[in-house]
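The values are calculated or read from the model by the stated rules, or taken from the named source; none is laboratory data. Note that the structure is predicted; figures quoted are calculated from it, not measured. Cβ coordinates were reconstructed from backbone atoms using ideal geometry, including for glycine residues, and neighbour counts include every protein chain displayed. What goes into the accessible areas is simple: the full protein's heavy atoms, side chains included, and nothing from ligands, DNA or RNA. Shrake-Rupley method; radii C 1.70, N 1.55, O 1.52, S 1.80 Å.
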Amino acid sequence: MNPRLDQLHPYPFQRLAALLADAKPPASLPHISLAMGEPKHPAPQLVKDALCANLAGLSGYPATQGTPALRQACADWAERRYGVRLDPASEVLPVNGSREALFSLTQCLIDAGGAAKPVVVSPNPFYQIYEGAALLAGAEPHYLNCEAENRFQPDWDGVPDEVWRRAQLVIVCSPGNPTGAVMDLAAWDKLFALSDRYGFVIASDECYSEIYFDQPPLGGLSAARALGRGLERLVMLTSLSKRSNVPGMRSGFVAGDAAILKQFLLYRTYHGSAMSLTVQAASVAAWNDEAHVESNRAAYAAKFAAVLPLLQPVLEVERPEAGFYLWAKVPDGDDAAFARALFQQRHVTVLPGSYLARDAHGANPGRGYVRIALVAEQAECVAAAQRIVEFTQTQRAATPA
């Protein structure tokens, strides 16, 4: 077996299952899970219709590069959304969701054959695929703690020169999971300058970019455009899962540096990751329509508006810049104990923040927080918030003065 498999950590949901395994919640309360970031809104009818209308595609082998129609739809969407004109033949590549692409892109990019161990720089807390992809590629993850003092943003100035010299890939998640923080243009400018100096590739994970409240979040492509630079050493990854409520379709695309995408396409022809023609046709319908996205965005905004006034008197929590998570600071600082007791007493599941992060630079930046995913329907989210309030007030009353 590949010895690098021994370096992998259990996934956060495995740890959560172990934490709650022997807890006995009240049977009188139906379970409400706000732990997993799995969209629960209905899939758009236009996507269902396109799937059904193109079932003949199941009978054919798809090309890894995807159909011209899909690549054009992705490029058109990127131009509408980011103001960047992409060549659909060389700067766009369909993928089976951003998770699959993040993993395979890392395997494609990392060269572990040199004398110095390569580094993948990752935010901390983070989506665990960043770490697993780095380890299995033979790289060393370098964690950048994203804490409240820095608006939950990575501190690029805090990375030692020795790490930058070995860095081959920097992964950015903006809007961030779990904090919802968005990188501003100054942060992008600094990161691009570092990439120019040290030669690493930037992979910008933007799967939450279409769930926002005010202005559309800045992305890597639009930042590059605003700064008057090209797409060299930049790859953006996005997905229909959150935007269009179709996580089961496993559909997204990557865009950016044509030289990188050319090699990534070569890798993928061997990787066996071509998207079904049926799913491609449905993806074209999804990327070409914004009405369902606007409706989806409004539903999330309504949930935040209903839930936050309930939670803010008992938890330290603010509306994120984007995304569908609340990153809530728990009263006593023990996120795992809070999550277990909440499940046992009120039958509500949230995810301990420390499970999404690693101890790095003397701290675990997720410790003391829980991630609350507002993915269920509004009434269920409100019911869960009310139970959290009751639980927190009970805990507070039981604590000696």
Completion exercise
Looks like segment 153-269, by Cα gyration tensor root eigenvalues a ≥ b ≥ c and the a/c under 1.5 rounded cutoff (else prolate when a/b is bigger than b/c, oblate otherwise), is oblate
Practice task
Could you check how much of the accessible area of segment 284-401 is carbon and sulfur, as a whole percent, using a 1.4 Å probe?
Solution key: 51
Problem - Unit charges at the beta carbon, dipole of segment 183-252: most positive-side option, Gly219, Leu237, Ala193 - result: Leu237
Fill in the blank from the handout: Full extension between Ala56 and Glu290 adds, at 0.36 nm per residue less the Cα distance, a length in nm of 81.6 nm
Fill in the blank from the handout: Note on the chain: helices (DSSP H) long enough, at least 24 Å by alpha carbon along their axis, and hydrophobic enough, mean Kyte-Doolittle at least -0.5, are 291-311, 378-398
Handout entry: Euclidean distance between Cα centres, segment 336-358 to segment 185-223, Å
Key = 31
Problem - Alpha carbon centroid spacing (whole Å) that separates segment 370-392 from segment 1-79 - result: 22
Practice task
Of the DSSP beta bridges with both residues in segment 45-289, give the percent that are antiparallel, rounding to the nearest 5.
Solution key: 35
Problem - Listed residue pairs exceeding 31 Å between alpha carbons, taken from Lys117/Lys190; Lys24/Lys303; Lys303/Lys329; Lys40/Lys329; Lys117/Lys329; Lys117/Lys262 - result: Lys117/Lys329
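At a threshold of 8 angstrom on Cα-Cα distance, excluding pairs fewer than six apart, so keeping six or more, what relative contact order does the chain reach in percent?
25
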Completion exercise
For segment 154-222, the Debye formula with one identical point scatterer on each Cα and no solvent gives log10 I(q)/I(0) at q = 0.13, 0.19, 0.25, 0.27 Å⁻¹ as -0.38, -0.76, -1.17, -1.31
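Among 139-147, 311-319, what's the highest-first ranking by average C-beta atoms within 10 angstrom per residue?
Top to bottom by mean Cβ count within 10 Å: 139-147, 311-319.
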Exercise for the section: Give the shape of segment 218-258 as rounded, prolate or oblate, defined through the alpha-carbon gyration tensor: a ≥ b ≥ c are the square roots of its eigenvalues, a/c under 1.5 means rounded, and otherwise the shape is prolate if a/b is larger than b/c and oblate if not. Expected result: oblate
Practice task
Starting from the Cα-Cα distance between Arg4 and Ala23, subtract it from 0.36 nm times their residue separation and give me the gain in nm to one decimal.
Solution key: 3.5 nm
Exercise for the section: Could you tell me what percent of the accessible area of segment 167-276 is made up of carbon and sulfur, with a 1.4 Å probe and every protein chain present? Expected result: 51
Fill in the blank from the handout: Ordering 198-208, 7-17 by per-residue average of other C-beta atoms within 10 angstrom, highest first, gives 198-208, 7-17
Fill in the blank from the handout: Two pseudo-spin positions, 7 Å from Cα along C-beta at Arg85 and at Glu162, lie apart in nanometres by 4.8
Completion exercise
If every Lys and Arg gets +1 and every Asp and Glu gets -1 at its Cβ, then about the Cα centre segment 45-289 yields a dipole, in debye to the nearest 20, of 580
Completion exercise
Two pseudo-spin positions, 7 Å from Cα along C-beta at Lys117 and at Asn150, lie apart in nanometres by 2.2
Practice task
Give me the accessible area per residue for the chain, probe 1.4 Å, as a whole number in Å².
Solution key: 41
Practice task
Give the relative contact order (percent, whole number) for segment 35-140; include only Cα pairs under 8 Å separated by 6+ residues.
Solution key: 19
Problem - Computed E for Ala305/Gln344 - FRET, C-beta separation, R0 51 angstrom, nearest 0.05 - result: 0.95
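What ranking, highest mean first, results for peptides 116-126, 270-280, 292-302 when packing means the other Cβ atoms within 10 Å averaged over each residue?
116-126, 270-280, 292-302
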